[in-house]
1. When L137 is evaluated against the numbered criteria (1) more than 27 Å from Q207 (Cβ to Cβ); (2) assigned to a loop (DSSP other than H, G, I, E, B), which criterion, by number, is the only one it fails?
2. How many of the residues making up the stretch 3-32 are touching a Phe, Trp or Tyr at 6+ places or on another chain (Cβ under 7 Å), of a type in the set (A, V, I, L, M, F, W, C) and at pLDDT 95 or above?
3. Tally the residues that are more than 16 Å from S122 (Cα to Cα) and buried (at least 18 other Cβ atoms within 10 Å of the Cβ), restricting the search to the stretch 162-183.
4. From E93, E161, E179, grab the single residue that is under 23 Å from M1 (Cα atoms), out of contact with any Asp or Glu (no Cβ under 9 Å at 6 or more places or on another chain) and of a type in the set (D, E, K, R).
5. Looking only at residues that are polar (S, T, N, Q) and either in contact with a Phe, Trp or Tyr (Cβ under 8 Å, 6 or more places away or on another chain) or part of a helix (DSSP H, G or I) (or both) in the stretch 65-90, which one is nearest to S22 (Cα to Cα)?
6. Could you check the stretch 1-64 for strands (runs of 3 or more DSSP E) lying wholly inside it with 3 or more residues that are buried (at least 20 other Cβ atoms within 10 Å of the Cβ)?
Amino acid sequence: MIEFQDAEGNRKVSGYLALPKSGEGPGVIVFHAWWGLTSFFKGVCERLAEAGFVALAPDLYQGKSATTINEAKQLITARDFDRSLQDINGAIEYLRKLPSVRGNIIGAIGFSMGGSYAFGMSSDRPEIAAVVAFYGLELGPDYSTAKAAYLGHFAELDEWESAEDVTKMEAELYKAGKEVTFYTYPGTKHWFFEENHADAYDAEAAQLAWERSIAFLHRHLM
């Protein structure tokens with residue numbers, strides 16, 4: 001774990017940083033799901049590093065995490081949204097200034113709640129050139145200001161994100177003139193990518209989604 005300053009320089013924020021073996025690469029910010037910055041999302045950072053990226057996951061729950069849906073609901077309800085945005089912007093600034101980060105653009109990858117952050121931040125941060133979202137949406141922002149391309153992975157049998165809203169999100173991005181590719185994985189549920197959620201994990205869909213994600217990030221950031 002590492003520490004950096006929030007956007008206003010008032011607080012220390014913790015996060016997980018993973019570097020590629022080469023010691024440098026394009027930067028990718030990782031937004032955890034409502035479970036918190038668990039070992040799974042730290043593992044996502046390590047997998048990104050193996051693929052050649054410098055990955056940073058800010059801890060948006062200040063060390064807290066959940067293992068059940070009820071615990072996660074309590075955490076997401078108690079969060080200070082403005083503080084989360086300050087922490088995210090601080091993380092982006094920290095990532096961009098790292099000597100190990102190559103180039104002026106970065107990527108963002110998020111899961112569920114984190115997917116919403118990845119989408120939303122792209123409308124405010126023009127340095128975000130590539131967004132990958134797993135079963136998370138953010139309808140409403142003005143995406144005409146964004147500079148990103150978008151890749152979305154969604155579950156066919158998702159009780160948390162409706163197919164209608166996925167279609168609306170895709171249409172919003174198209175209307176804003178963005179490059180957008182959304183995939184829906186047959187027979188999958190929300191959290192299908194997360195192997196620590198056995199009731200939803202789908203190994204085949206997860207592997208395909210990851211391969212598509214890495215290819216997408218390489219294409220837009222390398």
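1. (1) is the only condition that L137 fails.
2. Here the count works out to 3.
3. Residues in the stretch 162-183 being more than 16 Å from S122 (Cα to Cα) and buried (at least 18 other Cβ atoms within 10 Å of the Cβ): 1 in total.
4. Numbers: E161 fails: under 23 Å from M1 (Cα atoms); E179 fails: under 23 Å from M1 (Cα atoms).
The match here is E93.
5. At the first step, the residues of the stretch 65-90 found to be polar (S, T, N, Q) are 65, 67-68, 70, 74, 77, 84, 86, 89.
Subsequent filtering for residues that are either in contact with a Phe, Trp or Tyr (Cβ under 8 Å, 6 or more places away or on another chain) or part of a helix (DSSP H, G or I) (or both) retains 65, 67, 70, 74, 77, 84, 86, 89.
Numbers: S65: 32, T67: 35, N70: 41, Q74: 40, T77: 40, S84: 31, Q86: 31, N89: 26 Å.
Only one residue tops the list, namely N89.
6. Values: elements: 2-5, 12-18, 25-31, 54-58.
Once the strands (runs of 3 or more DSSP E) in the stretch 1-64 are filtered for at least 3 residues that are buried (at least 20 other Cβ atoms within 10 Å of the Cβ), what remains is 12-18, 25-31, 54-58.
The values are calculated or read from the model by the stated rules, or taken from the named source; none is laboratory data. Please read these numbers as outputs of a predicted model, since none were measured by experiment. All Cβ positions, glycine included, derive from the backbone under ideal geometry; neighbour counts span all protein chains shown.
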